[in-house]
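Chemist: What follows is a structure written as structure tokens; I'll ask about it next.
Nothing in this text is a laboratory measurement; each read-out follows from the coordinates by a stated rule. Note that the structure is a prediction, hence the values are computed from the model and not measured. Cβ: placed from backbone, ideal geometry, glycine included. Neighbour counts: every protein chain shown.
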Amino acid sequence: RRAPLACRHRRGPDPARVPDRAAGGPSFVPWGFVVEHLEAKRPARPAEDVPRDVQDYYGLSHESLAQVRGDFWRRLREAKPDQNPIRTLLSPGSIQATVELYRAVGASASSPRPLVLLTPPTKATFAARYLASRFARRGVHGAVIVPEKALLETHLTPEEVELRLRDTVVAARMALRVLGEMNEVDPGQLHYFGVSAGGIFGGVLLGVEPAIRRAVLVLPGGDLPRIVTESDEASVV
């Protein structure tokens, strides 16, 4: 239900006047806030080099990369200095997606800024766009990969699911490669923010893409085979 007109235009509280402690008493913590850091049940495995066959499997096609690079730089030249976002088509194999770049305020060749790549679920694209534009206003480039359709569809065979997963990883690598070539981007500060399916294939992406400095995987749910076989959601067939 829509709020009354008078309420819809009402501004929030002045950040300078927000109290240090949230309302509700000393034990009140808003949803989503970190309240405790727990020790890992077992230590992380030592890092290992990615086998050559795995690197090749998730490798980038020189032809596709050149096509995306050419389209991006053409759109960048045609864009106005303050235009956001700049959209470029990604189409490695079985998927069609668009990467939307929100350029950071104050970025230049002499002052390159970090870049965060976001891969949200289809229904949360609006939230990723909000975050990317917010990052941009605060001096960090934000880029969002927007797929034309969901990663998983009920008619896909297991082989097609695997191909879709692979091509999604390749698309993210392609976006990072092309955007990281901008003079206004610090190539040593490329970061990743994956949500839901973006968290699932993000685990693979982190294993094969050494350019990613830091990453956050949100609500990945676990490994894909176990999710598919054990999920009790009605949409899983």
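Chemist: If I take all pairs of Cα atoms in the stretch 150-194, what percentage of them are more than 16 Å from each other?
Modeler: Here the long-distance tail beyond 16 Å is 50 percent of all Cα pairs in the stretch 150-194.
Chemist: I need the helices of the chain that pass two filters: whole DSSP H segments spanning 30 Å or more by Cα along the axis, and mean Kyte-Doolittle score no lower than -0.5.
Modeler: 158-179
Chemist: Quick one: of the DSSP bridges fully inside the chain, what percent are antiparallel, nearest 5?
Modeler: Antiparallel bridges make up about 45 percent of those DSSP assigns within the chain.
Chemist: Which residues make up the longest stretch of the chain that has no GluC sites (Glu not before Pro) in a DSSP loop with at most 13 other Cβ atoms within 10 Å?
Modeler: 49-147
Chemist: Would you mind counting up the charge near LYS123? Only other residues with Cβ under 15 Å from its Cβ, with Lys and Arg at +1 and Asp and Glu at -1.
Modeler: My count for the surroundings of LYS123 gives -1.
Chemist: Right, next: In 5 Å bins starting at 0, how do the alpha-carbon pair distances of the stretch 52-177 split up by percent?
Modeler: Here the calculated profile for the stretch 52-177 is 2, 11, 19, 21, 20, 14, 8, 4, 1, 0.
Chemist: Still on this structure, please answer the following. Along each of its three principal axes, how wide is the spread of alpha-carbon positions in the stretch 171-237, in whole angstrom units, largest first?
Modeler: 47, 17, 17
Chemist: Same structure, new question: Averaged over every viewing direction, what's the projected area of the C-alpha convex hull for the stretch 113-153? Give it in nm², one decimal, please.
Modeler: 2.7
Chemist: Semi-axes of the equivalent ellipsoid for the stretch 91-237, please: Cα gyration tensor eigenvalues, times 5, square-rooted, ordered largest first, whole Å.
Modeler: In descending order the semi-axes read 29, 15, 13 Å.
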